[in-house]
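Some notes on the structure that comes next.
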Amino acid sequence: MAFDLVLRGGRVIDPSQGIDAVSDVGFRDGRVAQVGAELSGDSVKDVSGLIVTPGLIDLHTHVYWGGTSLGVDPIRLARGGCTTLVDTGSAGPGNYAGFLDHVIKPSAVRIIPFLNVSFAGIYGFSKRVMVGESGDLRLVSPVDAVEVARANRDTIAGIKVRVGYHASQNSGTVPLDIAREVADEAGLPMMVHIDHPPPTLEEALARMRPGDILTHCFRPFPNSPATAEGGVRGAVIEARRRGVIFDIGHGMGSFAFKTARTMLANGFAPDSISSDVHALCIDGPAFDLLTTMSKFLCLGMPLVEVVQAATEAPAKALRRSDLGSFRQGAAGDASVLALEGGDFDYVDSTGEHLAGRSRLLARGVVMNGEWWNG
């Protein structure tokens, strides 16, 4: 039986099914239909020599384009190989309707939002203005957040809160405590941004439950998960043991090669790799998801594990069994990538450079079972 679209002859890497082999992927009616050999289809794309993965999921982006100062065009990120973008708190209950109607619904690429517990979301971050939305507790709006989350259960995946001196000034754990109540009341997971204390990393982790996501998990000192002696903080180990998800969230100031080396040397790989791409870091140092994934390749993380951290793992964090996999009936998304060798200069959020020998590049995406020509 012919398929609507076949990707032929690529190296298919699907960690959710333990697949790493040259094969074909067939799509029908907007869904994954089969992974196998010599599939025939109405449209056939020769992807031999390339890597084919389930559609890449960037678990931390800011794509309320035109609605917030941090927002970037989601189409630019789709061209970078992503088929699902998770917007983490750009909008709050006061402006979520605009984000939904003007950006999420018209978008060619899937956008899954986390709702900010602050009423206006991330409203005041630019090159000249830096106002942490959690710093003024008058803006933290638990009743509105619960109401909007409940009214939009088909689109909102979780609750976002940003704490730390830059995001919440001297409010300490108060915004986090409020977000904890909101997430519990709405029955949703919580994603927590952490920057400089207050609060401390330990204080933030103590308020997180199984399925909650700590983003910026490999951030530099202070509030680094690594100890000065080259170990991993006990609170970090305990949090993973009880089911907290550790997400990279590279961004402008939240990822350090030094931290990553220490964590990886201790056998503590991230659960998910994400870019935290926004207007202040899309032209460096984060750039996009594939650049962030490439950095981990160059730090020694195996390719299959890197792919898993951008497909299966974020899909599980989102509680979306239809994403991040080539299982029959899954969403008809795929990312077609090239793995190139050479000499590449990577930089982290602290300005440290890494001389890398490989990089991942986007060569195409499939969305809803169709080759996307955006």
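Details
- In the stretch 123-168, residue most open to solvent (accessible area, probe 1.4 Å) [restricted to those that are touching a Ser or Thr at 6+ places or on another chain (Cβ under 8 Å) and among the aromatic types (Phe, Trp, Tyr)]: 123
- Index of the failed condition, residue 16 passing every other in (1) in a strand (DSSP E or B); (2) under 19 Å from residue 322 (Cα atoms); (3) open to solvent by 10 Å² or more (accessible area, probe 1.4 Å): (1)
- Residue pairs whose Cβ atoms lie under 8 Å apart, separated by 6 or more positions or on different chains, with the first residue in the stretch 21-34 and without any contact (Cβ under 8 Å) to a residue 12 or more places away in the chain and the second open to solvent by less than 20 Å² (accessible area, probe 1.4 Å) and assigned to a strand (DSSP E or B), are 21/12.
- Filtering the stretch 231-270 to residues that are more than 18 Å from residue 191 (Cα to Cα) and of a type in the set (D, E, K, R) leaves 233, 258, 261.
- Filtered residues of the stretch 90-109 (kept if assigned to a loop (DSSP other than H, G, I, E, B) and in contact with a helix residue (DSSP H, G or I) (Cβ under 8 Å, 6 or more places away or on another chain)): 90, 91, 92, 93, 94, 107, 108, 109
- Scanning the stretch 323-372 for residues that are surrounded by fewer than 20 Cβ atoms within 10 Å (Cβ to Cβ), among the polar types (S, T, N, Q) and under 27 Å from residue 19 (Cβ atoms) gives 328, 358, 368.
- Residue satisfying all of: in the stretch 261-288; out of contact with any His (no Cβ under 9 Å at 6 or more places or on another chain), of a type in the set (A, V, I, L, M) and in contact (Cβ under 8 Å) with a residue 60 or more places away in the chain; farthest from residue 80 (Cα to Cα) among these: 280
- Cβ pairs under 8 Å, 6+ apart, first in the stretch 166-178 and over 19 Å from residue 115 (Cβ atoms), second among the acidic types (Asp, Glu): 166/195; 172/203; 173/203
- Qualifying positions in the stretch 27-38 - part of a strand (DSSP E or B) and closer than 17 Å to residue 83 by Cα: 27, 31, 32
- For residue 291, the test of being open to solvent by 10 Å² or more (accessible area, probe 1.4 Å), polar (S, T, N, Q), closer than 25 Å to residue 68 by Cβ and not in a loop (DSSP other than H, G, I, E, B) is passed.
- Some residue of the stretch 44-56 being closer than 20 Å to residue 127 by Cα, open to solvent by less than 10 Å² (accessible area, probe 1.4 Å) and touching a Ser or Thr at 6+ places or on another chain (Cβ under 6 Å): no
- Hits in the stretch 305-322 (condition: over 20 Å from residue 365 (Cβ atoms) and open to solvent by 10 Å² or more (accessible area, probe 1.4 Å)): 305, 316, 319, 321
- Test result for residue 202, surrounded by fewer than 23 Cβ atoms within 10 Å (Cβ to Cβ) and under 24 Å from residue 55 (Cβ atoms): no
- Any hit, the stretch 157-174, residues being of a type in the set (A, V, I, L, M, F, W, C) and assigned to a loop (DSSP other than H, G, I, E, B): yes
The values are calculated or read from the model by the stated rules, or taken from the named source; none is laboratory data. All of these numbers come straight from a predicted model, not from anything done at the bench. Glycine also receives a Cβ, built like all others from the backbone with ideal geometry; neighbour counts cover every protein chain displayed. The area values use the complete protein model at the heavy-atom level, side chains included, leaving out ligands, DNA and RNA. Shrake-Rupley method; radii C 1.70, N 1.55, O 1.52, S 1.80 Å.
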